[in-house]
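A quick write-up on the structure given underneath.
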Amino acid sequence: MPWWAWTWQVLALVIIAVYITLRPGFSIAPAEGLALVGTVFAAVYHAEVVAHRVGEPFGSLVLAVAVTIIEVALIVSMMVGGSGDTTALARDTVFAAVIIVCNGIVGVCLLVGGLRHREQIFQLQGAQAALSVIISLTVLTMVLPNVTSSTKGPTFSAPQLSFVAIVSLILYGSFLFVQTVRHRDYFLPKEDEAEAHALPPPNRVAFASGALLFISLALVVAMAKMLTPTIENAITRAGAPKSVVGIVIAGLVLLPEGLAAFRAARANRLQTSMNLALGSVLATIGLTIPTIAGVSLLFHQPLTLGLSGKEELLLALTLIVSILTVGTGRTTMLQGIVHLVIFATFVFLAAVP
């Protein structure tokens, strides 16, 4: 194990201890940012070790679920103990995660893979299965609230919120069963790919990397939470909408997954990239929405889930283009450029609504 795979976590712990003890404020922000980036690189390294040990699709699933659990913890902590209006924080973060992954991460992976390898392939059946669940989850959780009549505004009533939370868990659980048991071969790399023949690391190394992976992800979220006030102040001073906070949170939490998917695509392992990307979207919606719904019902916290008209249009465009992208099981740099243009539009309109 390289020295930097564990020293960044030690540095992050020191910075967190200094922050808690001395409360230095903005002066420590550059060090926090540096430690955050280094810990992300360490998390990606350990995720790849675990993925090689357990094999696909379990390796991608480990990182997706771990990142989502920590993302949920961050959102819940800000909803319960945060200041200001946090009713739309979960919606903004989940929507941002969907756009960042489906357009930003997928776009970069397809562009880099296309430039380096001209054309790449992946399992068509697995990608279509994942996308069908993504479409259902996004529409049921973030579009349906805008057309219900039991409550005013883009919200669900308590029974509706409970129903949608249960349906989300059923859909995600069904996908996991298909991915890991019933049709696992749909999510495995082709036999001619290098990852299919890579020798797995020893169990001892895999267990150590697994523990350090969860520690790294926890530290990433802790430092992201420490940086949030600085980010919020910067956003307020710039006059940007509050929804940008959700974008920043989603972007910080998705850094490990995005980097892992990028490295896989660059190494001509697009199947792993697609498993990571689509799996992270499914985990984000399938686990975040039920958890946030439970917190909302338990603590009587108002929750806004419905998207605005502009966001609905971007979501519809993303889903349509994603259907076309996975339609043949082969990708080129053109699909990557299209996804990146949609992502750039999302970021631009978030800053200049």
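Read the figures in this text as sums done on the coordinates, not as results from a lab. As the structure is a prediction and not an experimental result, all values here were calculated from the model. Note that we place each Cβ from the backbone using ideal geometry, even for glycine, and neighbour counts take in every protein chain shown.
A Förster distance of 25 Å, applied to the separation of the beta-carbon atoms of Val205 and Gln301, puts the FRET efficiency at 0.05.
Given a Förster distance of 30 Å, report the FRET efficiency between Leu124 and Val54 from their Cβ-Cβ distance, rounded to the nearest 0.05.
Values: r = 24 Å, r/R0 = 0.79.
Efficiency, rounded to the nearest 0.05: 0.80.
Any idea how many Lys pairs in the chain come in under 25 angstrom at the alpha carbon, given 8 or more places apart or on separate chains? Kindly include the intermediate steps, with their values, before the conclusion.
Working: Lys152/Lys242; Lys152/Lys310; Lys225/Lys242; Lys242/Lys310.
For the chain, qualifying lysine pairs total 4.
Listed by number, the DSSP H helices of the chain that run 20 Å or longer by alpha-carbon position along their axis and have mean Kyte hydropathy of at least 0.0 are 4-22, 29-54, 58-81, 124-142, 158-177, 203-238, 270-299, 309-325, 333-351. Only the Cβ atoms of Lys and Arg (+1) and of Asp and Glu (-1) were treated as charged; on that basis the dipole of region 4-351 about its Cα centre amounts to roughly 160 debye.
What value, in deg cm²/dmol to 500, does the helix sum -39500 (n - 2.57) over DSSP H runs of n ≥ 4 give at 222 nm once divided by the residues of the chain?
Working: 13 runs with 256 residues, N = 353.
When only DSSP H runs of four or more count, the value is -25000 deg cm²/dmol.
When each of the peptides 159-167, 249-257, 137-145, 205-213 is scored by how many other beta carbons lie within 10 Å of its residues on average, the order from highest to lowest is 249-257, 137-145, 205-213, 159-167. The orientation-averaged projection of the convex hull spanning the C-alpha atoms of region 4-351 amounts to 17.3 square nanometres. Subtracting the Cα-Cα distance of Ile320 and Phe163 from 0.36 nm times their residue separation leaves 53.9 nm of extension gain.
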